[in-house]
Every structure is written in C-alpha cells, then in structure tokens.
1. Run the quick spin-label model on Glu106 and Asp128: label points 7 Å from Cα toward the beta carbon, then report their separation in nm to one decimal.
2. Rank-order 28-35, 133-140 by packing density, defined as the average count of other C-beta atoms within 10 Å over each peptide's residues, highest first.
3. Averaging over all projection directions, find the projected area of the Cα convex hull of region 1-85 and quote it in nm² with one decimal place.
4. Give the accessible surface of the chain per residue, rounded to a whole number of Å², with probe radius 1.4 Å and ligands, DNA and RNA excluded.
5. Grab the Cα-Cα distance for Asp80 and Leu68, subtract it from 0.36 nm times how many residues apart they are, and report the gain in nm with one decimal.
6. For region 88-153, what is the largest minus smallest coordinate of the Cα atoms on each principal axis, given in angstrom and ordered from greatest to least?
7. Per residue of the chain, what 222 nm ellipticity follows from adding -39500 (n - 2.57) for every DSSP H run with n ≥ 4, rounded to the nearest 500?
8. 7 Å from Cα along Cα→Cβ at both Leu54 and Asp17: what's the point-to-point distance in nm?
Amino acid sequence: LIDRSRSMAEDREYVNDTRTRLDWAKAGARGFVALQSGAGVEVGLISFARDTRLDRGLAPVEPDGSPLPGVHEVSEFQDDVDALEALGATAIGDALALARDTFAAEPAGRTQAVFLLSDGENTAGDADPRTLADELRAAGIPVYTLPVGDAADGNLLAHIAEETNGEVYDAPSALELPAIYADLYARLRGETPLFTRTPLELPP
C-alpha cells in the first residue's frame, strides 16, 4: 500500500534535489518487486490518495519473458510503480479495506501481510483505519507500517502495526525507504536483513 497523496510530492531531502518522497518510495518498491522475482510469492500493489486503486492484483512475480500464465513480469510491475503520481488527500482506511477485500478473495491457508507506507494522516475516505486494523488482526493479517517524515501519523500507524501483530519501520528520511523494503523482504523470508539501517544525518 503506497501513499500517493499530494504531500508525497512536496518533500525534498536536499537543496536543489528534485527527488521526492514518492520517488524514494517508488525506488524501494521497484527493488522489492525485483527481489521477489521467481520467489513464488504473490505480490500486489494498492495506491491511495483521496481515491484508492488496486494497481496490481495478487500474483507471483517472474522474470521478464516468463512463459507462465497469470504472473507479473518484473518490468511491467515496475512500470506501474513508476506511473504513480501524487495528488489529493490520504485515505488510509480505504486502502486497508481494499487490502482486506483483496485477500478475502484469495484461497484460504496462505500467509498474508500488508506493507503500508504513508507520510500523512487519514484525511479522506469512508473506512476507519482502527476498525480495519481490528478486522485484519481477526483475519490473521499483520500490517507492517512505514511512516515517512515528521508529518506522518505515527500514533495511528503504530496502533495499526501493534494491533495486527506487525511492526513499525520508521523512516524519518525518505532516503531510507529502499533499505527498508529490502529489510522487509529479508525478514519475511526468515533471512538476515540485507542492509544494516542506521539513522541518517542529513546536511542542512
């Protein structure tokens, strides 16, 4: 679940740097998709602002040119990630509701998880994120939350993670997002994280 609200396009880490929070989120997601290639894991993409979209349904990720039917080819999935544009408010609850419904349509007995990245507060949509956290916990689906920057609703995202038996991966700087996605990939496979994350000191 990737936040594409307006604020995701407003942040700059350095003076004269054109890259935004959304750019760094895309970089992390592209890397995550590449790491999942051939791993047999079904991956999907939900993006949200005022509206919520299922950009990619759940399917295995395979290398480009794979002859297997019903899979995501890496480059096509990455193209959909790159196409995300930031505009509007932030419907965290609606995004969680769409994730719940997407998983509900899948066969039972599979291990499922949600990665929720946001840099703001729940300001749009009809669904209450806390209610959705209860429903996802009841369904046995952990939510790993990635609050980005100082304006993220850390209390809400921490509650969602705690309530669903997930974990919070705080990203004070958007530059940490690629390493966080790699960390999530490794941890969910029971492996040692690929990178050691340390607090970043940014220049003024």
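1. For the pair Glu106/Asp128, the computed spacing is 2.7 nm.
2. Working: 28-35: 21.0, 133-140: 15.9.
Peptide ranking by packing, descending: 28-35, 133-140.
3. Numbers: hull surface 23.0 nm².
Convex hull of Cα atoms, orientation-averaged projection: 5.8 nm².
4. 48 Å²
5. Values: separation 12, 0.36 × 12 = 4.32 nm, distance 1.99 nm.
Contour length minus Cα-Cα distance gives 2.3 nm.
6. That works out to 37, 22, 18 Å along the principal axes.
7. Details: 6 runs with 70 residues, N = 204.
Estimated from H runs of four or more residues: -10500 deg cm²/dmol.
8. Using points 7 Å along Cα→Cβ, the separation is 3.6 nm.
The values are calculated or read from the model by the stated rules, or taken from the named source; none is laboratory data. Because the structure is a prediction, the values reported are computed rather than measured. We place every Cβ from the backbone using ideal geometry, glycine too, and count neighbours over all the protein chains shown. To get the accessible areas, we keep the full protein, side chains included, count just its heavy atoms, and leave off ligands, DNA and RNA. Shrake-Rupley method; radii C 1.70, N 1.55, O 1.52, S 1.80 Å.
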